[in-house]
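Let me begin by presenting the structure, written as structure tokens, before commenting on it.
The values are calculated or read from the model by the stated rules, or taken from the named source; none is laboratory data. Worth saying up front: this structure is predicted, and the values here are computed from it rather than measured. Here the Cβ positions follow ideal geometry from the backbone for every residue, glycine too, while neighbour counts run over all protein chains shown. All accessible areas refer to the heavy atoms of the entire protein, side chains included, with ligands and DNA or RNA removed. Shrake-Rupley method; radii C 1.70, N 1.55, O 1.52, S 1.80 Å.
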Amino acid sequence: NNGRVDEAGTDYSLLFDYLPSPDSVIGITIEGFDLDKSIARTDFDQTQATEYISTDLYWVKGLGKAYEIRVGTQYDYITNSIRDLIDSNNDLEYHMSTLQLYSSAYHPFNEHMAWDLGVYLGDVEEQQNFLYDNSRDTLNDGIQAKLRMGFVYQSTDGRNALQFNISLNLDDPVNDPGDGGGISYQGVF
């Protein structure tokens, strides 16, 4: 389509775990990325810059036991800047930040199956600022609470796992009861 696409980015990850006992770990994970993209055609000309950072501080107790309990706090921050060089009314500055406390329990109840439950409480701020049309700006902030329920089926050697999960809103269960779900498969080779 007689256009040009440019993309550049970096990502990083740091993990530090301390094992005070054979069935316990205290750790921190820091990860993030930045991504710059642009596309230029006669009918479409935009640039986008995205940055994400996440920090997770956690304590896990019961590794390899009947119940594995995880408690932690996590901070996430994402920004997304879009510039439309054809229609500046679409120029957008988006950011979201959240500080959350969470706890989860993982219970393998036989060789192949396990339950995975989690409760999350977070202070969230999400904001969209349209640079040339303030009437479209949005702000969503406040406390949010979620209950995540999962079921895991894994192979005997533990190298393959299929997980089903669903999230429910605890902060507004009448007007907005569900928060989605998912199915994932992980295989180690």
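Here the simple spin-label model places points 7 Å from the Cα toward Cβ, and for V25 and A40 these points are separated by 4.7 nm. Each residue of region 122-128 was assigned a 3J(HN,Hα) from its phi angle through the Karplus curve 6.51 cos²θ - 1.76 cosθ + 1.60 (θ = phi - 60°); the sequence is x, 9, 10, 10, 10, 9, 10 Hz, with glycine and proline shown as x. The modelled label-to-label distance between T73 and Y94, using points 7 Å beyond Cα along the C-beta direction, is 2.8 nm.
Computed over neighbours whose Cβ is under 13 Å from that of L131, the net charge equals -4, Lys and Arg +1, Asp and Glu -1. Normalising the average separation of contacting C-alpha pairs (under 8 angstrom, six or more residues apart) by the number of residues puts the relative contact order of region 25-139 at 20 percent. T156 exposes around 90 Å² of accessible area when a 1.4 Å probe is run over every protein chain in place.
Net charge within 14 Å of A145 by Cβ-Cβ distance, Lys/Arg positive one each and Asp/Glu negative one each, not counting A145 itself?
Net local charge, A145 excluded: -3.
Restricting the calculation to Cα atoms, the chain yields a radius of gyration followed by a Dmax of 20.9, 62 Å. Here's the list of aspartates and glutamates a cross-link from K37 could span, going by alpha-carbon distance under 14 Å and ignoring same-chain residues fewer than 8 apart: D6, E7, D45, E51, D84. Under 5 Å from the amide H of D171 lie the amide H atoms of A145, each residue being 5 or more positions distant or on a separate chain, with H modelled from the backbone and absent for Pro and chain starts. Restricting the trypsin sites (Lys or Arg not before Pro) of region 1-60 to loop positions (DSSP other than H, G, I, E, B) with no more than 14 neighbouring Cβ atoms within 10 Å leaves R41. Overall, the accessible surface of the chain at a probe of 1.4 angstrom is composed of carbon and sulfur to the extent of 56 percent. In sequence order, region 149-157 has phi-based couplings of 10, x, 10, 10, 10, 10, 6, 4, 7 Hz under the Karplus curve 6.51 cos²θ - 1.76 cosθ + 1.60, θ = phi - 60°, and Gly or Pro positions carry x. Applying a DSSP loop filter and a limit of 14 other Cβ atoms within 10 Å to the chymotrypsin sites (Phe, Trp or Tyr not before Pro) in region 85-121 leaves F109. The magnitude of the dipole of the chain, with charges of +1 and -1 set on the Cβ of Lys/Arg and Asp/Glu and taken from the Cα centre, is near 840 debye. Counting every alpha-carbon pair across region 100-150, the share separated by more than 16 Å comes to 61%. Relative contact order of region 88-182: 23 percent, from C-alpha pairs under 8 Å at least 6 residues apart in sequence.
Phi-derived couplings, Karplus 6.51 cos²θ - 1.76 cosθ + 1.60 at θ = phi - 60°, listed residue by residue for region 73-89: 9, 9, 10, 10, 9, 9, 10, 8, 10, 10, 10, 9, 7, 9, 10, 5, 5 Hz, with x used for Gly and Pro. Across the alpha-carbon atoms of region 19-128, the computed radius of gyration and Dmax are 20.5, 62 angstrom.
Using Cβ point charges alone (K and R +1, D and E -1), the dipole size of region 36-130 about the Cα centre works out to roughly 560 debye. Accessible area ranking (1.4 Å probe, heavy atoms, ligands and nucleic acids excluded), largest first, for F130, F151, F33: F33, F151, F130.
Under 5 Å from the amide H of D91 lie the amide H atoms of D84, L131, Y132, each residue being 5 or more positions distant or on a separate chain, with H modelled from the backbone and absent for Pro and chain starts. The residues of the chain expose, per residue, 64 Å² of accessible area to a 1.4 Å probe.
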